[in-house]
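The values are calculated or read from the model by the stated rules, or taken from the named source; none is laboratory data. Everything numeric here is computed off the predicted structure, so don't read it as measured data. Glycine also receives a Cβ, built like all others from the backbone with ideal geometry; neighbour counts cover every protein chain displayed. With ligands, DNA and RNA removed, areas are computed over all heavy atoms of the protein, side chains included. Shrake-Rupley method; radii C 1.70, N 1.55, O 1.52, S 1.80 Å.
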Amino acid sequence: MDTIKNQSRRDFVKVSAVAGGGVALGFYLPGRGVLADHHGGHASPNAWIKVGGDNSITIMCARSEMGQDVYTSLAMLVAEELEVDINKVKVEFAPPAEVYINSLLGGQLTGGSTSVRDGWEKLRKAGASARMMMVAAAAKQWGVDAAQCKASGGVILGPGGKRVNYGMVAAAAAQMEPPKDVPLKPVSAFKVVGNAKQKRLDTPAKVMGTAQFGIDTRVPGMLYAAVALAPMIGGKVKSYNDKRAKAMPGVKSVVQFSRGVAVVADSYWQAKKAKDLLIVDWDGGALADLDMNKIWDGLRTAAAQPGATFREHGQDPESVMGSAAKVVEATYQLPFMTHSPMEPMNTVAHVTADKAVIITPTQFQQLIPHVVAGATGLKPEQVEVQTTFLGGGFGRRVEVDYAIDAAEISKLAGNVPVKMVWSREDDMTHDSYRPAGLYTMKAGLDSSGKITAFRFHSTSPSISARLFPSIVKDGIDPFALEGIDNIPYAAPNMKLTYQMHDTGVTPGYWRAVSHNLNAPALEGFIDELAAAAGKDPIDFRLANLQLAEEKHAWSGLSAGKTVGPRVKKVLEELKVRAGWSGPASGGGKGRGVAVMEGYNSVIGMVVDVTLSAGNDVTVDRVVSVVDAGPLIHPDQALAQMESCIIFGQGTALWGEITVQNGGVQQTNFDSLRVVRMNESPKKLEIHFLPAAEGQPPGGLGEPGTPVLTAALVNAVSAAAGKRVRTLPLSQENISAA
């Protein structure tokens, strides 16, 4: 399995590198090319830092800011070693360039809770290297040994009271060889990193309304486009009548692009009103009659297949179940989900004969030049990408389909600059959805409550088979194994398999990806095993942890080491913090627990709920213990966890996308419920464990969501007095359990 893991990772890098063209598209070049950059009156000791002659410091943010705080936290990593006041630096979004590739993902891509983990050492070294070069430049200017100088607050101090600021030596520093040995500060010397009082650098702009999101973008001469997209998945335009639309005020043109018809007008309102008057005859294609019955029937048929084995040891679990004291079997059913960030998809595109400018809220800058080139006939190097703030992403903006649409429309409309905006309805019905899936588990227990045999079989669509087919090997999509390949529980006989099945619904990377499928199913089933063994759920978990060294085969974006000892520590702390006394207290009350390792963080949660007579769920309390290593920006680490919990609450209770007549039925937030303020947890406690010596940071933008879902499943089941295995935890599904 190591072979699969390693090949998959290499291939992913290769695919992304090919997508990136293997060239630096921005104004920075890796290596020595960076050092000579003096454009715009700035000197750049490396690709992450620009220093102006006026001593202004600009730190490049190579990840997309979608609310998760990279704008501040990544800058803090650089500023710590650069020895500058973080509150005085400017931050710019980096252009697409090879030097900015995320080493954990293989592309200039924001996702997988990787930004801080990827930048943890890289960005500190960038800051330290730049500081050392400027100190060396000052020392050379003074004719003294660099060891006699030091930097503090953007100023270099030398012997005899010598003093220069960075701006005064930056140009000379940019000509120097970067140091080969770049020692980093010990954690105990941190002044910027770990400061819980540090305010977000992007807050003033967002509060004052000056922050530039994609939907705020305006360029000279810009027109607006509204689109008519097929109401069924994969539908195409057969014909259309635009007579009424063209007669509307402000309408400049109506164009047919690859997957729809667009109205281009002086304002978005004019474009949308005219678009509503289009008469389009659609070819529904092969999926025109797709519905949920057919989708679930297809998944159940596929689930009967043996699947591809991705982890096994001991004997075949089925062969030893007969000798078990008890055997438990269950299937969990999880639905499609939509991303639906607050800012719907949009892009400003200006395509001319020799250039395309794309201004867009994207998580995947590096991919856009290539797909836009393919759509317009230009070369990738003729495509300029400008990244804005993102009004939410959750994985949706890894896709760049909306940027392609905008580029096509700009070209077809006469090479004019166009802002294309999808309506909420366009967005919700044309998403790349979190896959639906079936998760069947069977386990044998001995008389003491130990797991003797464990069988896991998942059936779901493969996201990677659509987006990155080369990483799918022998029927295994590595991203489909997240949250189960690193199972923390021991069983002497274990077999885990995956059955890929295309439902017809477009699958996409959704917050925490397959952790959100596998972990709730696994942790729900572990509760069932605890009940069968007559054990307390937390005690059962502790008793069955795999504490010996056992590196899991494919670790997703995790560390790839055994997670049992860390899970044990979290569970023990959770018992204390939550005042754990068991799963249920009667009177409609229920309490559930869950734990998971993901993105190199271990998170445990206890959730208390009240279930009404009509099966409405009220979340009374959430207590979480988090082992995520060192916290770069502690206040925002807390916000990340709070976000994961509230986001997970809504999706676990009400999140479900359904399909009828080939199209998605939910169109807006009137048909897709989210958590209201008065419905969020009445009490919310999050406790971070102190980092161990040398422990790297874990991701926090995603892993809390699947853990909340799993704990909520167990809490609702405890309150209902019966096991609920079909999500969301709606009134109907609780009643039918």
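When the residues of region 237-257 are narrowed to those that are small (Gly, Ala, Ser) and surrounded by fewer than 16 Cβ atoms within 10 Å (Cβ to Cβ), which ends up farthest from MET222 (Cα to Cα)? If you could, list the steps in order and put the result at the bottom.
Residues of region 237-257 small (Gly, Ala, Ser): 239, 245, 247, 250, 253.
Going one step further and asking which of them are surrounded by fewer than 16 Cβ atoms within 10 Å (Cβ to Cβ), we end up with 239, 247.
Numbers: SER239: 28, ALA247: 20 Å.
Checking each candidate, the answer is SER239.
Hey, any hits in region 725-737 for a residue that's at pLDDT 95 or above, on the phi > 0 side of the Ramachandran plot, open to solvent by 70 Å² or more (accessible area, probe 1.4 Å) and not aromatic (Phe, Trp, Tyr)?
Looking through region 725-737, none of the residues is at pLDDT 95 or above, on the phi > 0 side of the Ramachandran plot, open to solvent by 70 Å² or more (accessible area, probe 1.4 Å) and not aromatic (Phe, Trp, Tyr).
So that you can scan it fast, the table gives a plain yes or no per residue for (1) modelled with pLDDT under 95; (2) among the small types (Gly, Ala, Ser); (3) open to solvent by 10 Å² or more (accessible area, probe 1.4 Å):
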{"residue": "GLU523", "(1), (2), (3)": "no, no, no"}
{"residue": "ALA548", "(1), (2), (3)": "yes, yes, yes"}
{"residue": "GLY556", "(1), (2), (3)": "yes, yes, no"}
{"residue": "GLU572", "(1), (2), (3)": "no, no, yes"}
{"residue": "LYS575", "(1), (2), (3)": "no, no, yes"}
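Please determine, by comparing only the residues of region 562-581 that are part of a helix (DSSP H, G or I) and hydrophobic (A, V, I, L, M, F, W, C), which one is nearest to GLU549 (Cα to Cα).
Within region 562-581, the first condition is being part of a helix (DSSP H, G or I), and the residues that meet it are 564-578.
Add one more test, that the residue is hydrophobic (A, V, I, L, M, F, W, C), and what stays is 567, 570-571, 574, 576, 578.
Working: VAL567: 13, VAL570: 18, LEU571: 19, LEU574: 23, VAL576: 26, ALA578: 29 Å.
Here the residue is VAL567.
Would you please list the contacts, defined by Cβ atoms under 7 Å and residues six or more apart or on different chains, that run from a residue in region 672-696 that is within 30 Å of ARG124 (Cβ to Cβ) and in contact (Cβ under 8 Å) with a residue 24 or more places away in the chain to a residue that is among the hydrophobic types (A, V, I, L, M, F, W, C) and assigned to a loop (DSSP other than H, G, I, E, B)?
PHE688/ALA628; PHE688/LEU631
Residue by residue through region 343-363, note down the ones that are within 20 Å of PRO507 (Cα to Cα) and either open to solvent by 10 Å² or more (accessible area, probe 1.4 Å) or modelled with pLDDT under 95 (or both).
Within region 343-363, just PRO344 meets the criteria.
Which members of region 469-483 meet the condition of being of a type in the set (A, V, I, L, M, F, W, C) and touching a Phe, Trp or Tyr at 6+ places or on another chain (Cβ under 6 Å)?
Residues satisfying the conditions are ILE471, ILE476, ALA480, LEU481.
Would a scan of region 196-212 turn up a residue that is surrounded by fewer than 16 Cβ atoms within 10 Å (Cβ to Cβ), under 18 Å from THR388 (Cα atoms) and among the charged types (D, E, K, R)? Steps first, answer last, please.
In the first step, residues of region 196-212 are kept if they are surrounded by fewer than 16 Cβ atoms within 10 Å (Cβ to Cβ); the result is 196-197, 199, 203-210.
From what's left, under 18 Å from THR388 (Cα atoms): 203-210.
Now drop any that are not among the charged types (D, E, K, R), which leaves 206.
Checking region 196-212: at least one residue is surrounded by fewer than 16 Cβ atoms within 10 Å (Cβ to Cβ), under 18 Å from THR388 (Cα atoms) and among the charged types (D, E, K, R).
Exactly one of (1) crowded, with 24+ Cβ neighbours inside 10 Å; (2) in a helix (DSSP H, G or I) is unmet by GLU65. Its number?
Only one criterion in (1) crowded, with 24+ Cβ neighbours inside 10 Å; (2) in a helix (DSSP H, G or I) is unmet by GLU65, namely (2).
Which condition does GLY112 not pass, out of (1) within 38 Å of the chain's Cα centre (by Cα); (2) among the small types (Gly, Ala, Ser); (3) part of a helix (DSSP H, G or I), if it passes all the others?
(3)
Looking at region 337-362 only, could you name the residues that are more than 26 Å from LEU517 (Cα to Cα), part of a loop (DSSP other than H, G, I, E, B) and either of a type in the set (A, V, I, L, M) or within 21 Å of the chain's Cα centre (by Cα) (or both)? Spell out how you get there, then give the answer.
Taking region 337-362 and keeping what is more than 26 Å from LEU517 (Cα to Cα), we get 346-361.
Okay, now just the ones that are also part of a loop (DSSP other than H, G, I, E, B), so 352-355, 361.
Passing the criteria: ALA353, PRO361.
Between a first residue in region 451-468 that is over 16 Å from PHE479 (Cα atoms) and a second residue that is open to solvent by 10 Å² or more (accessible area, probe 1.4 Å) and of a type in the set (Asp, Glu), which pairs have beta carbons less than 7 Å apart while being 6 or more apart in sequence or on different chains?
Qualifying pairs under 7 Å: THR452/ASP446; ARG455/GLU318.
Looking at VAL280, VAL182, VAL227, which one is open to solvent by less than 50 Å² (accessible area, probe 1.4 Å), under 28 Å from LEU390 (Cα atoms) and not in a helix (DSSP H, G or I)? Working first, answer last.
Numbers: VAL280 fails: under 28 Å from LEU390 (Cα atoms); VAL182 fails: under 28 Å from LEU390 (Cα atoms).
Answer to the check: VAL227.
Tally time: how many residues in region 450-463 are in contact with a strand residue (DSSP E or B) (Cβ under 9 Å, 6 or more places away or on another chain) and either more than 17 Å from ASP316 (Cβ to Cβ) or of a type in the set (D, E, K, R) (or both)?
Filtering region 450-463 for residues in contact with a strand residue (DSSP E or B) (Cβ under 9 Å, 6 or more places away or on another chain) gives 451-463.
With either more than 17 Å from ASP316 (Cβ to Cβ) or of a type in the set (D, E, K, R) (or both) added as a condition, the list becomes 455, 458-463.
Number satisfying all stated conditions: 7.
Which residues, taken from region 364-383, are in contact (Cβ under 8 Å) with a residue 40 or more places away in the chain, part of a helix (DSSP H, G or I) and open to solvent by less than 10 Å² (accessible area, probe 1.4 Å)?
Across region 364-383, the qualifying residues are GLN365, ILE368, PRO369.
Can you find a residue in region 139-153 that is open to solvent by 50 Å² or more (accessible area, probe 1.4 Å), on the phi > 0 side of the Ramachandran plot, in contact (Cβ under 8 Å) with a residue 60 or more places away in the chain and outside any helix (DSSP H, G or I)?
Checked region 139-153: at least one residue is open to solvent by 50 Å² or more (accessible area, probe 1.4 Å), on the phi > 0 side of the Ramachandran plot, in contact (Cβ under 8 Å) with a residue 60 or more places away in the chain and outside any helix (DSSP H, G or I).
Could you check region 384-421 and list, in sequence order, the residues that are among the acidic types (Asp, Glu) and either open to solvent by 10 Å² or more (accessible area, probe 1.4 Å) or more than 16 Å from ALA373 (Cα to Cα) (or both)?
Narrowing region 384-421 to residues among the acidic types (Asp, Glu): 384, 399, 401, 405, 408.
If the condition is that a residue be among the acidic types (Asp, Glu) and either open to solvent by 10 Å² or more (accessible area, probe 1.4 Å) or more than 16 Å from ALA373 (Cα to Cα) (or both), then GLU384, GLU399, ASP401, GLU408 are the ones that fit.
If you check GLU80 against the conditions, is it closer than 28 Å to LYS199 by Cβ and open to solvent by less than 10 Å² (accessible area, probe 1.4 Å)?
Working: closer than 28 Å to LYS199 by Cβ: yes; open to solvent by less than 10 Å² (accessible area, probe 1.4 Å): yes.
It is true that GLU80 is closer than 28 Å to LYS199 by Cβ and open to solvent by less than 10 Å² (accessible area, probe 1.4 Å).
Give me the residue from region 439-460 that is in contact with a Ser or Thr (Cβ under 7 Å, 6 or more places away or on another chain) and open to solvent by 10 Å² or more (accessible area, probe 1.4 Å) and, out of that set, farthest from GLY534 (Cα to Cα).
HIS457
If I filter region 300-318 for residues that are of a type in the set (Lys, Arg) and part of a helix (DSSP H, G or I), do I get at least one hit? Lay out the reasoning, then the answer.
Step one: list which residues in region 300-318 are of a type in the set (Lys, Arg), which gives 300, 311.
Next cut, part of a helix (DSSP H, G or I) only: 300.
The answer is yes, given that some residue of region 300-318 is of a type in the set (Lys, Arg) and part of a helix (DSSP H, G or I).
Which numbered condition in (1) open to solvent by 50 Å² or more (accessible area, probe 1.4 Å); (2) touching a residue at least 12 places away in the same chain (Cβ under 8 Å); (3) in contact with a helix residue (DSSP H, G or I) (Cβ under 6 Å, 6 or more places away or on another chain); (4) farther than 30 Å from GLY67 by Cα is the only one that GLN175 fails?
Unmet condition: (3).
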